[in-house]
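Step one of this worksheet: look at the structure below.
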Amino acid sequence: MEEISFKVNSKPVLEESVLDWNLVQKSFKKSFGEEIYTSWLRNISLLKEYNDYVILGVKTRFFRDWITSRYADRILSELKKYKISINRLEFKIEPDDPGNKTLFTNLSINKVSDIKDSVLNYNRLNPNLNFENFIVGKSNNLSFLSAKKICGQLSRYNPLFIYGGVGLGKTHLLNAIGLELSKDNTVMFISAERFMYQFIKSIKKNEMVNFKDFFRKASVFIIDDIQFIRGKEGLQEEFFHTFNTLFDQSSQIVISSDRAPNKLDRVQDRIKSRLSGGLVVDIGSPDFELKLKILRKKISDYQNSFKENPDLQEDVIDYLAKYSNSNIRELIGVFNRVVAFGKMSKKPLNINDCKIILKDIYNSSKVISIDKIQSVTSNFFSITLDDMLSPRRSRPLARPRQIAMYLAKKLTPRSLPEIGRKFSNRDHTTVIHAVKTIEKLLENNDELRKNVEELKSLILSD
Ligand code: ADP
Ligand code: MG
């Protein structure tokens, strides 16, 4: 659908709409439970949907603050199930008062659908992702200093190329650079994906001249997730020319990527060489100290915004820093979740509570191998791995074997035949039988349930 036909609001929304809000609401209900859902989530509406974020409507400021502090991360992961590209939520307060609604719509009504407007919608810098909020440790110090440095000396290091794995703070740093420089410069901040989308649209609409003009006006050009151009020849061609024009006119260019320039396969060599021609820095996984610092910052943020203490005990903070994955986005999610549970259960949580709360977060994010499950399980029951995998059917061997199969099914994405193969080439029907047997036993065998829980936390926690 062409956005131009969407008169009420000219933002490029509908063409990308894939979220079925009713469905999403149903899954909120399922995953948050009836109580939280009815009290907090049922009244959230979907106002706008973009490729990488959504704007959600809530009735009051209080609702917004409550929801963002407690549920934002989980809402985001629910949404991601339906649309993987979403990585941010924005809330808008939309009181029932119809007067306000009109105002909101009117604000955007006179925007014309052209490149400028639609890019502007994606060019918004997030005021919270600034340098002050960026916690520095060993793994990100160099990137941080480089980002600061280019802000003081524009186009001295050109381009600045920051790379590293997901959730380590690349977008945060890029955004901080944008904020810092937007005071005195024309800053363009765009993801490579969005750049492509704009590019294709301009070709379709015969607006390539505008497209080129528009991007080349930037005195600071920041492009996020450049790895997206891999394998896309036409896009690379256009990016190359944009890059050269900007570079020749001494615009500062800042780029992020999930890998180093020379590791960008299926990207033209001439582009790779441009990308590595300035300052290349990597951002690594946070160590224990940095994770601890980030948690402490989150605690003080929490205190400032809610005027109450999140009630985390020292050993719990320690535990979170130690056992969370090396991904800052996830660490923050874990923090929010633990605090929310603490508030709900009205008592300070201990480490064991945390283990339970974190179980499904780890479940979904940690890669757990069947080998690991097998070795932990056989150890746990003090039998050898060979015995556990052997054809022997005596109960002391068969039960642990079935438990291991059950855990393999529950904790890994492996299919039944794959699991069967890993257990000395057993048939998938054997695996089904094992899973069913254990599920049945779990219903009323406390001893078994305890063992399985313990096994899970052993498997998940190291
Ligand atoms: P990436 O772009 O590398 O995937 P992001 O920049 O989106 O990662 O960071 C993920 C989340 O973690 C964001 O909420 C960001 O604000 C936060 N974050 C990352 N690094 C830091 C840091 N050093 N200090 C504070 N917050 C951070
Ligand atoms: Mg990012």
Residue match in the stretch 156-179 (condition: in a helix (DSSP H, G or I), more than 16 Å from ligand 1 (Cβ to nearest atom) and out of contact with any Gly (no Cβ under 6 Å at 6 or more places or on another chain)): no
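Where residues in the stretch 78-111 are among the charged types (D, E, K, R) and at pLDDT below 50, which of them is most open to solvent (accessible area, probe 1.4 Å)?
Residues of the stretch 78-111 among the charged types (D, E, K, R): 78, 80-81, 83, 88, 90, 92, 94, 96-97, 101, 111.
Applying the additional criterion that residues be at pLDDT below 50 yields 97, 101, 111.
Working: ASP97: 81, LYS101: 105, LYS111: 72 Å².
Selected residue: LYS101.
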All positions within the stretch 298-318 that are under 23 Å from SER77 (Cα atoms) and not β-branched (Val, Ile, Thr): LYS298, ASP301, TYR302, PRO310
Some residue of the stretch 185-197 being among the small types (Gly, Ala, Ser), modelled with pLDDT under 95, crowded, with 22+ Cβ neighbours inside 10 Å and within 15 Å of PHE221 (Cβ to Cβ): yes
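Of these, ASN175, ASN158, which one is modelled with pLDDT of 90 or more, within 16 Å of ligand 2 (Cβ to nearest atom) and in contact with a strand residue (DSSP E or B) (Cβ under 9 Å, 6 or more places away or on another chain)? Can you show your working first?
Working: ASN158 fails: within 16 Å of ligand 2 (Cβ to nearest atom).
Of the residues listed, the single one that is modelled with pLDDT of 90 or more, within 16 Å of ligand 2 (Cβ to nearest atom) and in contact with a strand residue (DSSP E or B) (Cβ under 9 Å, 6 or more places away or on another chain) is ASN175.
Restricting to the stretch 339-352, name every residue that is without any contact (Cβ under 8 Å) to a residue 24 or more places away in the chain and surrounded by 13 or more Cβ atoms within 10 Å (Cβ to Cβ).
Just the residues of the stretch 339-352 that are without any contact (Cβ under 8 Å) to a residue 24 or more places away in the chain, to begin with: 341, 344-347, 352.
The answer is PHE341, and nothing else.
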The stretch 281-299 residues that are within 14 Å of VAL316 (Cα to Cα), paired with ones that are of a type in the set (Asp, Glu) and more than 16 Å from ligand 2 (Cβ to nearest atom) (beta carbon under 8 Å, 6 or more apart): LEU292/ASP318
Breaking point among (1) within 16 Å of ligand 2 (Cβ to nearest atom); (2) without any contact (Cβ under 8 Å) to a residue 24 or more places away in the chain; (3) among the charged types (D, E, K, R), for ASP184: (1)
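For the stretch 257-338, give me every one of the helices (runs of 4 or more DSSP H) that falls completely inside it and has 1 or more residues that are closer than 24 Å to ALA147 by Cβ, touching a helix residue (DSSP H, G or I) at 6+ places or on another chain (Cβ under 9 Å) and open to solvent by 30 Å² or more (accessible area, probe 1.4 Å). Working first, answer last.
Details: elements: 269-275, 288-306, 314-323.
Hits in the stretch 257-338: 269-275, 288-306.
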Qualifying residue in the stretch 286-299 (condition: β-branched (Val, Ile, Thr) and more than 16 Å from ligand 2 (Cβ to nearest atom)): yes
Qualifying residue in the stretch 421-437 (condition: over 28 Å from the mean Cα position of the chain (by Cα), open to solvent by 60 Å² or more (accessible area, probe 1.4 Å) and within 29 Å of SER326 (Cα to Cα)): yes
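Would you point out which residue out of VAL209, VAL187 is more than 18 Å from the chain's Cα centre (by Cα), among the β-branched types (Val, Ile, Thr) and within 20 Å of GLU132 (Cβ to Cβ)?
Numbers: VAL209 fails: within 20 Å of GLU132 (Cβ to Cβ).
Going through VAL209, VAL187 in turn, just one is more than 18 Å from the chain's Cα centre (by Cα), among the β-branched types (Val, Ile, Thr) and within 20 Å of GLU132 (Cβ to Cβ): VAL187.
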Exclusive hit being of a type in the set (A, V, I, L, M, F, W, C) and touching a residue at least 60 places away in the same chain (Cβ under 8 Å), set ILE223, ILE190: ILE190
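Output the residues belonging to the stretch 219-256 that are in a helix (DSSP H, G or I), within 16 Å of ligand 1 (Cβ to nearest atom) and crowded, with 22+ Cβ neighbours inside 10 Å.
Quick first cut of the stretch 219-256, residues in a helix (DSSP H, G or I) only: 226-229, 233-248.
From the residues that got through so far, the ones that are within 16 Å of ligand 1 (Cβ to nearest atom) too are 226-228.
Scanning the stretch 219-256 gives a single hit, ILE226.
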Where a residue in the stretch 156-173 is closer than 10 Å to VAL280 by Cβ and open to solvent by 10 Å² or more (accessible area, probe 1.4 Å) and its partner, wherever it lies, is near ligand 2 (Cβ under 9 Å from one of its atoms) and in a helix (DSSP H, G or I), with Cβ under 8 Å and at least six apart: TYR163/LYS170
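The values are calculated or read from the model by the stated rules, or taken from the named source; none is laboratory data. Here the structure is a predicted model, which means the values were calculated and not measured. As a convention, Cβ positions derive from the backbone with ideal geometry for all residues, glycine included, and neighbour counts pool all protein chains shown. Quick note on the areas: whole protein, heavy atoms, side chains included, nothing else; ligands and nucleic acids left out. Shrake-Rupley method; radii C 1.70, N 1.55, O 1.52, S 1.80 Å.
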